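Q: Please find one structure pasted underneath; my questions will follow.
The values are calculated or read from the model by the stated rules, or taken from the named source; none is laboratory data. These numbers were taken from a predicted model, which means no experiment stands behind them. Don't worry about glycine lacking a Cβ; one is built from the backbone with ideal geometry, like all the others, and counts go over all protein chains shown. For accessibility, only protein heavy atoms count, side chains too; no ligands or nucleic acids. Shrake-Rupley method; radii C 1.70, N 1.55, O 1.52, S 1.80 Å.
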Amino acid sequence: MRHHPQVAALTAAVGVVQRAKPGNLVSGDAWCLVEDESGLLLCVCDGLGSGEHAHLAAQAQIDTVRRCADRPLPDILEACHTALLSTRGAAAALLRVDTETRRVSYAGVGNVEARTRRDWPFHPLSMRGIVGANNFRPPRVYEADYVPGEWIVLHTDGLRSRFDLELELLRAAQSGLLGGGPQALAESLCNDHARENDDLTVVVMQLP
Ligand SMILES: [Mn+2]
């Protein structure tokens, strides 16, 4: 199922593929993109397990991110942790893109990952833990400068993480696929690297 309702009005180029585990009506993954004057905030999350209860945890995460979007990343995740205590919990990653200072920052907990090109010295890692579980601690925040046009992928564990973004971009450029922008790359990553038996969310962004 493709799903990119918020994307049309944005200056950032974003591609998204999201689909539920086969046999499930709802996905336990969720994502959102919030835009303000100074930039963008992207969240991708994966409610524990799958189905309705995972979906509820992921929606609580997204609701909280939208409500707290102007706060520092660790504060947003703390607020999410509180909001998710009554749920199963979720893995979550946040990416802030400050388009004025051309800085990006990332904070992640659990099995949601960010992938970047080798040449860009920004390789943020998600910390162990679950938002909404007792072992939660606010994660480390990774920051870097960026040049407009740079690529980043955030994905849940419905996508195998053993791909090389640099290589994928090179292949996509050579085959003409990159003319389709981030959406074409997101679909290609899913075709080649999706796990069969999990919810899947892949967000590809070309930074503005
Ligand atoms: Mn998952």
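Q: Tell me, which residue of segment 9-30 that is open to solvent by 10 Å² or more (accessible area, probe 1.4 Å) and within 25 Å of Leu73 (Cα to Cα) is modelled with the lowest pLDDT?
A: Pass one, segment 9-30, residues open to solvent by 10 Å² or more (accessible area, probe 1.4 Å): 9-11, 13-14, 17-27.
Those left that are additionally within 25 Å of Leu73 (Cα to Cα): 9-11, 13-14, 17-18, 27.
Values: Ala9: 41, Leu10: 48, Thr11: 57, Ala13: 92, Val14: 96, Val17: 97, Gln18: 96, Ser27: 97.
Per the stated criteria, the residue is Ala9.
Q: Filter segment 161-194 down to the residues that are in contact with a Lys or Arg (Cβ under 6 Å, 6 or more places away or on another chain) and either within 21 Å of Val104 (Cα to Cα) or not in a helix (DSSP H, G or I) (or both) and list them by number.
A: Leu165, Glu166
Q: For segment 149-208, which residues satisfy the criterion of being more than 16 Å from the ligand (Cβ to nearest atom) and of a type in the set (Asp, Glu)?
A: If the condition is that a residue be more than 16 Å from the ligand (Cβ to nearest atom) and of a type in the set (Asp, Glu), then Glu150, Asp164, Glu166, Glu168, Glu187, Asp192 are the ones that fit.
Q: Still on this structure, please answer the following. Of the numbered conditions (1) within 21 Å of Val17 (Cβ to Cβ); (2) open to solvent by less than 80 Å² (accessible area, probe 1.4 Å), Tyr142 fails exactly one; give the number of that condition.
A: (1)
Okay, residues lined up against (1) on the phi > 0 side of the Ramachandran plot; (2) surrounded by fewer than 22 Cβ atoms within 10 Å (Cβ to Cβ); (3) modelled with pLDDT of 95 or more:
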site	(1), (2), (3)
Gly108	no, no, yes
Val112	no, no, yes
Arg115	no, yes, yes
Trp120	no, yes, yes
Val131	no, no, yes
Arg137	no, yes, no
Tyr146	no, yes, yes
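Q: Scanning for something over 30 Å from Pro148 (Cβ atoms), within 15 Å of the chain's Cα centre (by Cα), within 16 Å of the ligand (Cβ to nearest atom) and at pLDDT 95 or above, does segment 67-86 turn up at least one residue?
A: No: zero hits.
Q: Of all residues in segment 31-53, count the ones that are more than 24 Å from Arg115 (Cα to Cα) and at pLDDT 95 or above.
A: Within segment 31-53, residues that are more than 24 Å from Arg115 (Cα to Cα) and at pLDDT 95 or above number 3.
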